[in-house]
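> Here you go, one structure.
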Amino acid sequence: MEKTSAVMPMRPLTFGELLDAAVSLLRAQAPLLLGSALALAICEQALLFPLRRWAQLRLPYFGPDFDHIGESWVAWCTGMALEGFVLALLGGLAGAAAGPGLLGRPARARALLGQTLRRILPLLVIALATAALLFISSLVLMLPWPLLFGLLGLASPALIVDRIGPGRALGRSFKLAGRGMRGAMIRVGGYIAWAAIRVALGYGGSAVLEIWLHRYDATYTIAMIAIWAIVDAVAYAMLACVDAVLYLEVRMRVEGLDVAIGRLRRLNRPIDLASSVILGAAVR
C-alpha cells in the first residue's frame with residue numbers, strides 16, 4: 001500500500017507537538033476541511049444575522065448593547081451553541097482524516113467526506129447535544145461552559161474513528177478528556193487562543209474596511225460578515241484538527257493505542273483503529 005508521511009508521531013505528545021500535528025493534518029486535507037468549515041461558517045453567520053439585528057448588536061465585534069442586555073445575551077449564547085455545533089460536525093470530518101493520517105496512509109477527500117456522511121445522523125445527534133449543552137451552560141453566566149466545552153470535544157472523532165454510537169462516543173469523550181482534565185484543558189486553551197486571533201483579525205479587517213466604507217453602509221456590513229466567516233472558517237478547521245489529533249493522542253496516552261498498533265505491525269496484521277481500543281487499561 002502506498003505510504004505518505006504520518007501527521008503525528010506514534011507516541012504521546014507534548015502540547016507543542018500536538019499543535020504541530022493538528023497543523024499537519026489541516027495541511028494534508030486543507031481543501032476539504034477549509035471548504036467545509038467555510039460553508040458551515042457562512043451558514044452560521046446567516047443564522048445569526050437576524051438574531052443579532054434583533055438584539056441590536058453592533059459590528060465589527062457585535063459588542064453587547066446594554067440597553068438590550070437580555071436580547072444581547074441570548075444572541076451571544078446562541079452563537080456559542082452554534083460554534084459548538086459547527087465544531088462537532090467538523091470534528092467528525094477531521095476524525096475521518098486523522099486515522100489514515102496517523103498510519104501514514106493516503107486518503108482522498110471524497111472518500112473522507114463519504115465516510116463522514118455515512119454517519120451523518122449520529123454525528124448530528126452529537127452536534128445537537130453539544131449545541132444544547134453549550135447553550136444552557138452559556139446562559140448561566142458562562143460558568144459551566146469551560147468544563148462542558150472541554151469534555152465534549154472528543155465525541156465526534158470517537159464516533160467516526162471507533163465506529164460507535166453517539167451515546168457511547170459522548171461517554172468516551174467525557175472519560176478520556178476528563179482523565180486528569182488534560183484533554184479538556186488543552187481544548188479550552190486552544191479555543192481561547194484562537195478566539196484572541198479571531199478578535200484581532202476581525203478588528204483589523206474592520207479598520208481596513210473603514211478606510212473606504214462607512215461603518216453603517218450595507219456594503220460594509222456584508223464585507224464585515226464575509227471577513228468573520230473567513231476568519232471563523234480557518235479557526236474552526238484548525239480547532240477540529242486539534243480535537244481529532246487530541247483524541248488519538250489521548251488514546252495513546254491512556255489506552256496504549258501506539259503499543260497496539262506497533263504490535264499489529266510486528267505481526268504483519270491489518271490495522272483497524274476501531275479494533276485497537278484497549279478499554280479500561282492504562283498502560284502508561
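> For the chain, what are the per-bin percents of Cα-Cα distances with bins 5 Å wide, up to the bin holding the maximum?
1, 6, 12, 17, 18, 16, 11, 8, 5, 3, 2, 1, 0, 0
> Nearest 0.05, what FRET efficiency do Ala39 and Val259 give at R0 = 35 Å with Cβ-Cβ as r?
0.35
> Order of Ile230, Ile222 from fewest to most other C-beta atoms within 10 Å? Numbers along the way, then the final one.
Working: Ile230 17, Ile222 11.
Ranked by crowding around the Cβ, least crowded first: Ile222, Ile230.
> Could I ask something else about it? Would any residue of region 12-39 have its amide N under 19 Å from a label point 7 Å out along Cα→Cβ of Met185? List them or say none.
The answer is 12-20, whose backbone nitrogens lie closer than 19 Å to the label point.
> Going by C-beta contacts inside 10 Å, put Asp272, Asp243 in order with the fewest on the left.
In order of increasing Cβ crowding within 10 Å: Asp272, Asp243.
> Just grab the label-to-label distance for Tyr203 and Ala132, each label 7 Å out from Cα along the Cβ direction, in nm (one decimal).
Here the answer is 3.8 nm between the modelled labels.
> Moving on. Given the rule -39500 (n - 2.57) for each run of at least 4 DSSP H residues, summed and divided by the residues of the chain, what is its mean residue ellipticity at 222 nm, to the nearest 500 deg cm²/dmol?
-25500 deg cm²/dmol
> Still on this structure: Can you sort Trp73, Trp228, Trp212, Trp54 from fewest to most other Cβ atoms within 10 Å of each residue's own Cβ?
The most exposed by this proxy come first: Trp212, Trp54, Trp73, Trp228.
> For a distance above 19 Å, tell me the whole-number percent of Cα pairs in region 1-157 that qualify.
So the portion of pairs separated by more than 19 Å is 61 percent.
> While we're looking at this one, here's another question. At R0 = 22 Å, how high is the FRET efficiency between Arg108 and Ala6 if r is their beta carbon distance? Nearest 0.05 is fine.
Once the sixth-power term is evaluated, E becomes 0.80.
> Continuing with this model, one more query. What does the charge count near Val250 come to, summing +1 for each Lys or Arg and -1 for each Asp or Glu among other residues with Cβ under 10 Å from its Cβ? It would help to have the intermediate numbers written out before the result.
Working: positive: Arg172, Lys175, Arg179, Arg182, Arg251, Arg253; negative: Glu249, Glu255.
Here the charged neighbours net out to +4.
> From the convex hull of the Cα coordinates of region 177-278, what is the mean projected area in square nanometres?
Computing the convex hull of the Cα atoms and averaging its projections yields 9.0 nm².
> Run the quick spin-label model on Gln56 and Arg168: label points 7 Å from Cα toward the beta carbon, then report their separation in nm to one decimal.
Using points 7 Å along Cα→Cβ, the separation is 5.2 nm.
> Mind listing the long-range amide H neighbours of Arg58? Cut-off is under 5 Å, sequence gap 5 or more, other chains count too, H placed in the peptide plane at 1.01 Å from N.
So Arg58 has HN proximity to Gly63.
> Here's another thing I want to ask about it. Once Lys and Arg get +1 and Asp and Glu get -1 on their Cβ, which of Gly256, Val242, Ala131 lies farthest toward the positive end of the dipole of the chain?
Final value for the positive-end residue is Gly256.
> Round to the nearest 0.05 the FRET efficiency obtained for Thr14 and Ile192 when R0 = 30 Å and r is the Cβ-Cβ distance.
Between Thr14 and Ile192 the formula returns 0.95.
No lab work stands behind these numbers, since they all come straight from the coordinates. Because the structure is a prediction, the values reported are computed rather than measured. With ideal geometry, Cβ positions are generated from the backbone for all residues, glycine too; neighbour counts draw on all protein chains shown.
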